[in-house]
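Undergrad: Please find one structure pasted underneath; my questions will follow.
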Amino acid sequence: MATEAPVEATEIPSVAAAETVEKQPHKLERKWTFWFDNQSKPKQGVAWGSSLRKAYTFETVEEFWSLYDQIFKPSKVTVNADFHLFKAGIEPKWEDPECANGGKWTATSSRKANLETMWLETLMALVGEQFDESEDICGVVASVRRSQDKLSLWTKTATNEAAQMGIGRKWKEIIDAEKISYSFHDDSKRERSAKSRYTV
């Protein structure tokens, strides 16, 4: 009577090993940081940015979705507050060395639901590295306001028109906007309503 050869333990895939593979977090190309700025109750004489707070830094797809779903939706924030998503190590301030010579593309929306969609589409494009000129991007800001919400995509080198136009065209397509415009941080520092330098 023939006996069956014993099955080697190595031939049986380990259930634990399979679960480990499934549970491995999906790492992003780089780390990103969410920031929050509540300007709804500004104190007299307090410098801009004093209410800006670093909230969370993340580096996996899973962390991103958890943070977005639970906290960082514009619909969950009060009027006159801002959400920021910037590359880790860059502060969402003009004074940050990475932002100092840059500017921003701006899109506006008078519908809250529209801001929510544009914000999410932009976040996914950033963490998913969908921009060819991704090295020139610093981050994005969602500003919730009573009359008109605003989304601003910050970049590093304002004078590099080719890079800015590439970023602008791609972003306009991502958020499905009719028109977006670009202003230099230097111009905005001098004049509150600075003229746009580029438009797509």
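Only the coordinates and a few stated rules stand behind these numbers; no lab work does. No experiment lies behind these values; they were computed from the predicted model shown. Quick reminder, even Gly has a Cβ in these numbers, built from the backbone with ideal geometry, and neighbours come from all protein chains shown.
Undergrad: What shape does segment 50-156 have by the C-alpha gyration tensor, where a ≥ b ≥ c are the square roots of the eigenvalues, rounded means a/c under 1.5, and otherwise prolate means a/b greater than b/c and oblate the rest? If you can, show how the numbers build up before the last one.
TA: Working: a/c = 1.38, a/b = 1.17, b/c = 1.18.
The shape class here is rounded.
Undergrad: How many nm is it between the label spots at E161 and Q24, if each spot is 7 Å from the Cα in line with the beta carbon?
TA: 4.7
Undergrad: Using a Förster distance of 22 angstrom, determine the FRET efficiency expected from the C-beta separation of R169 and I71, and round it to 0.05.
TA: Values: r = 31 Å, r/R0 = 1.40.
The pair R169/I71 has a calculated efficiency of 0.10.
Undergrad: Count charges around C138 for me, please; just the other residues with Cβ under 13 Å from its Cβ, Lys/Arg as +1, Asp/Glu as -1. Provide the component values of the computation, followed by the final result.
TA: Numbers: positive: R30, K87, K93, K104, K156; negative: E91, E95, D96, E98, E133, E135, D136.
Charge balance in the 13 Å sphere: -2.
Undergrad: On full extension of the chain, what length is gained from E129 through D96, given 0.36 nm per residue of separation minus the C-alpha to C-alpha distance?
TA: Numbers: separation 33, 0.36 × 33 = 11.88 nm, distance 2.20 nm.
Once the chain is fully extended between E129 and D96, it gains 9.7 nm.
Undergrad: What is the local net charge at S183, summed over the other residues whose Cβ is closer than 10 Å to its Cβ (Lys, Arg +1; Asp, Glu -1)?
TA: Working: positive: K104, K195, R197; negative: D186, D187, E191.
That sum, taken over residues with Cβ under 10 Å, equals 0.
Undergrad: Okay, moving on. Measure up K73/K112; K93/K179; K73/K179; K27/K87; K112/K156 against 20 Å on the Cα-Cα distance and list the ones that go over.
TA: K93/K179; K73/K179; K112/K156
Undergrad: For S147, project a label point 7 Å along Cα to C-beta. Then give me every residue of segment 64-86 with its amide nitrogen under 17 Å of that point.
TA: Residues 79-81 fall inside that zone.
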